[in-house]
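Some notes on the structure that comes next.
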Amino acid sequence: GCLDALGRRYERKELLVELSRKRDAHPLLLVEHARELSDDFRELEEAESLARRLVRTMPHDSNCLELLALVRWRQLRRDEALELYRFAASPECNERLARLLYATGCKEDAKALLERMIDDPGSDDEYIFASDFYARKFGGRRSGACTELLRASRTMVVDESHRGTPEAGVAGVLRREG
């Protein structure tokens, strides 16, 4: 969008500050502003304030809860962050929670969460993540499904003239092969 087109963080941040100060600022704009702030350790307090405001406004929105959890994690308030990820219970939060539990040594909790995600996934993506992560961490598989798929696929030589557009180069190779 237009924020990405700006490119430089300070310009993006200035625009977000200006727009989010408006009384009728859209909540998604506030989420974006808080995410931007959460990337800078010095601005975590302001990010938390915005995230808490969003949670008060939309208490059942998993994006707001996920944002507050992210800020709390970066503030090193790990237990609070994990509880927020659990409470949000969206596929994205479940994925983040599983990764964090595993990374912090709570492997049995991660395993139980992954098994629940496999048995009753909130989305196709959640199922794919959970089954792949479970297989790699608890099933002895060394690489993920995407890596295995890439290794099993054939290699194509594409003309250098397609350096910026590899898909077009592959399409050309396949067309020539029939």
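The values are calculated or read from the model by the stated rules, or taken from the named source; none is laboratory data. Just so you know, these numbers come straight off a predicted model, no measurement behind them. Counting neighbours? That spans all protein chains shown, and the Cβs are built from the backbone with ideal geometry, glycine included. Ligands, DNA and RNA are excluded from the accessible area calculation, which covers all protein heavy atoms including side chains. Shrake-Rupley method; radii C 1.70, N 1.55, O 1.52, S 1.80 Å.
Key figures for this structure:
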read-out: Theoretical FRET efficiency, 1/(1+(r/R0)^6), r = Cβ-Cβ of Ala25 and Asp120, R0 45 Å, to 0.05; value: 0.80
read-out: The chain - mean residue ellipticity at 222 nm from DSSP helices (-39,500 (n - 2.57) per run, n ≥ 4, rounded to 500); value: -22000 deg cm²/dmol
read-out: Between segment 146-176 and segment 115-130, the alpha-carbon center distance in angstrom; value: 31
read-out: Protection proxy ranking, peptides 97-109, 16-28, average beta carbon neighbours within 10 Å, highest first; value: 97-109, 16-28
read-out: For segment 1-80, accessible area per residue (1.4 Å probe, heavy atoms of protein chains only), Å²; value: 64
read-out: Computed over segment 1-155: relative contact order in percent, which uses C-alpha pairs under 8 Å that are six or more apart; value: 11
read-out: Selected from Thr165, Gly122, Cys64, residue furthest toward positive end of dipole (the chain; charges at beta carbon); value: Thr165
read-out: Accessible surface of segment 4-110, 1.4 Å probe, proportion on carbon and sulfur as whole %; value: 49
read-out: Whole-number D in µm²/s for segment 68-164 (Stokes-Einstein; Kirkwood sum over Cα pairs; 20 °C, 1.002 mPa s); value: 142
read-out: Dmax and Rg, reported as Rg then Dmax, of segment 83-125 (C-alpha, Å); value: 9.6, 27
read-out: Helix 78-88 axis, angle to the chain major axis (alpha carbon atoms, nearest 10°); value: 80
read-out: Using alpha-carbon coordinates, inclination of helix 62-74 to the longest axis of the chain, degrees; value: 80
read-out: Which labelled figure in (i) 16.6; (ii) 21.9; (iii) 19.3 is Kirkwood radius over Cα pairs in Å, once derived from the coordinates; value: (iii)
read-out: Cα long-axis angle, helix 124-138 against the chain (0 to 90 degrees, to the nearest 10); value: 80
read-out: Cα centre as origin, Lys/Arg/Asp/Glu Cβ charges: segment 45-117 dipole, Debye; value: 60
read-out: Between segment 77-105 and segment 37-76, the alpha-carbon center distance in angstrom; value: 14
